[in-house]
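Asks: Questions regarding the structure given below will be posed in turn.
The values are calculated or read from the model by the stated rules, or taken from the named source; none is laboratory data. Only a predicted model underlies this, so the values are computations on that prediction, with no experimental measurement involved. With ideal geometry, Cβ positions are generated from the backbone for all residues, glycine too; neighbour counts draw on all protein chains shown.
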Amino acid sequence: MKNAIAALGLAAVVALMPGALAAQEVDAELQAGAQPAVATSTPTSMEAAAKPCELHVRPTENYLGIKMGLLSGFGAVGALADQARTKGSVATIKDLMRDYLGPDVQMAELERLDYVGKLGLETGRYEIVVHEPTPWNEDLKKNPALKEEVKALNQKIKAGQRITDSTAPCYAELITTHIFYHKAMMYGSNLFTGWNWRQFDGAKLVSEGKGQVKNPLENFPPKDETMVEAAQIELRDAYAKDFDEWVVKKSGA
């Protein structure tokens with residue numbers, strides 16, 4: 001199992017940094033990019049004066065999945081993500097993750113956890129700026145302009161620069177890079193979530209952390225319509241646990 005996950009690679013952040021992680025094939029290269037699902041919020045000049053610090057947050061739409069086994073395959077599952085919307089069809093696991101754990105749900109879970117405080121930031125001091133989600137890697141293949149934009153952001157990250165034009169004297173970034181479902185014959189199902197964290201003092205990068213954490217799944221994907229609610233709750237809970245454990249891992253506590 002460890003070797004299989006190691007093969008996916010986290011040499012860099014999937015969303016905005018070069019890196020490798022498998023989607024449907026273990027050696028598939030992943031990068032970030034996506035269609036906006038969460039509106040960007042920009043602080044007013046008065047708000048910025050009252051809160052000189054900024055935390056820039058990007059949830060993700062980069063949903064990935066691998067199923068490993070003797071006759072493994074990754075594709076349709078029996079349960080419907082939305083009975084009314086997908087009547088007569090079956091949903092893929094990626095479809096279900098998009099429905100159950102979309103960018104708005106991710107932000108709601110982070111807020112429920114008091115993610116600002118868990119990151120060690122002074123609650124109330126930071127203006128929260130939510131950006132468009134990091135996109136699905138497949139979108140980059142269809143959109144050369146988006147691919148170039150991601151490449152430019154990669155270069156900023158590699159150079160230790162901010163990915164936005166903000167000049168706030170204290171500034172931080174939290175990027176969700178991917179949400180990844182992994183099922184292995186001997187190890188069961190797990191939800192991996194990846195993050196990239198960077199904190200600046202002026203133009204100087206003073207703190208950073210990146211990587212992924214996993215938690216087990218038993219009810220997701222749901223086997224039938226009666227299990228949908230349980231699967232939704234479990235997926236959200238696994239995502240929240242991923243964040244909690246990643247923060248501890250990042251801080252070295």
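Asks: Given the options ASN196, ASN215, name the one that is surrounded by 14 or more Cβ atoms within 10 Å (Cβ to Cβ), closer than 21 Å to ILE66 by Cα and either touching a residue at least 60 places away in the same chain (Cβ under 8 Å) or not charged (D, E, K, R) (or both). Lay out the reasoning, then the answer.
Replies: On the way: ASN196 fails: closer than 21 Å to ILE66 by Cα.
Criteria check complete, one pass: ASN215.
Asks: Quickly run through region 163-174 and pick out the residues that are of a type in the set (A, V, I, L, M), closer than 16 Å to GLU132 by Cβ and modelled with pLDDT of 95 or more. Please lay out each step first, then the result.
Replies: Of the residues in region 163-174, the ones of a type in the set (A, V, I, L, M) are 163, 168, 172, 174.
If we keep only those that are closer than 16 Å to GLU132 by Cβ as well, we get 163, 174.
If the condition is that a residue be of a type in the set (A, V, I, L, M), closer than 16 Å to GLU132 by Cβ and modelled with pLDDT of 95 or more, then LEU174 is the only one that fits.
Asks: Scan region 102-114 residue by residue and report those that are assigned to a loop (DSSP other than H, G, I, E, B) and in contact with a Ser or Thr (Cβ under 9 Å, 6 or more places away or on another chain).
Replies: Initially, region 102-114 is screened for residues assigned to a loop (DSSP other than H, G, I, E, B), giving 102, 113-114.
ASP114 - this is the single residue of region 102-114 that is assigned to a loop (DSSP other than H, G, I, E, B) and in contact with a Ser or Thr (Cβ under 9 Å, 6 or more places away or on another chain).
Asks: Quick one: is GLU111 acidic (Asp, Glu) and touching a helix residue (DSSP H, G or I) at 6+ places or on another chain (Cβ under 7 Å)?
Replies: Numbers: acidic (Asp, Glu): yes; touching a helix residue (DSSP H, G or I) at 6+ places or on another chain (Cβ under 7 Å): no.
No, not satisfied.
Asks: Exactly one of (1) at pLDDT 95 or above; (2) within 25 Å of LYS214 (Cβ to Cβ) is unmet by ILE93. Its number?
Replies: Status for ILE93: all satisfied but (1).
Asks: I've got another one for you. Cβ-Cβ under 7 Å, sequence separation 6+ or interchain: first residue in region 104-119 and touching a residue at least 24 places away in the same chain (Cβ under 8 Å), partner among the β-branched types (Val, Ile, Thr) and assigned to a helix (DSSP H, G or I). Which pairs?
Replies: Partner pairs satisfying both residue conditions: LYS118/VAL247; LEU119/VAL247.
Asks: Still on this structure, I have one more. Check region 219-234 and report whether any residue there is over 17 Å from the mean Cα position of the chain (by Cα), of a type in the set (Lys, Arg) and outside any strand (DSSP E or B).
Replies: Yes: one or more hits.
Asks: Now a separate question. Which members of region 115-146 meet the condition of being part of a helix (DSSP H, G or I) and modelled with pLDDT under 90? Talk me through it step by step, then tell me what you get.
Replies: Looking only at region 115-146, we keep the residues that are part of a helix (DSSP H, G or I), and these are 115-118, 137-142, 144-146.
Passing the criteria: ASN137, GLU138, ASP139, LEU140, LYS141, LYS142, LEU146.
Asks: Consider ALA184 carefully, then state whether it is among the hydrophobic types (A, V, I, L, M, F, W, C) and at pLDDT 95 or above.
Replies: On the way: among the hydrophobic types (A, V, I, L, M, F, W, C): yes; at pLDDT 95 or above: no.
So ALA184 fails the test.
Asks: Here is a further query. Here's a check for you: in region 141-188, which residue that is surrounded by fewer than 20 Cβ atoms within 10 Å (Cβ to Cβ) and among the small types (Gly, Ala, Ser) is nearest to ALA240 (Cα to Cα)?
Replies: GLY188
Asks: Looking at ALA231, ALA240, which is the one that is surrounded by fewer than 20 Cβ atoms within 10 Å (Cβ to Cβ) and closer than 22 Å to ASP95 by Cα? Write out each step before concluding.
Replies: Values: ALA231 fails: surrounded by fewer than 20 Cβ atoms within 10 Å (Cβ to Cβ).
On inspection, the qualifying residue turns out to be ALA240.
Asks: Here's something else I'd like to know. Only residues that are more than 22 Å from TYR63 (Cβ to Cβ) and aromatic (Phe, Trp, Tyr): list them for region 169-190, please.
Replies: Matches in region 169-190: TYR171 only.
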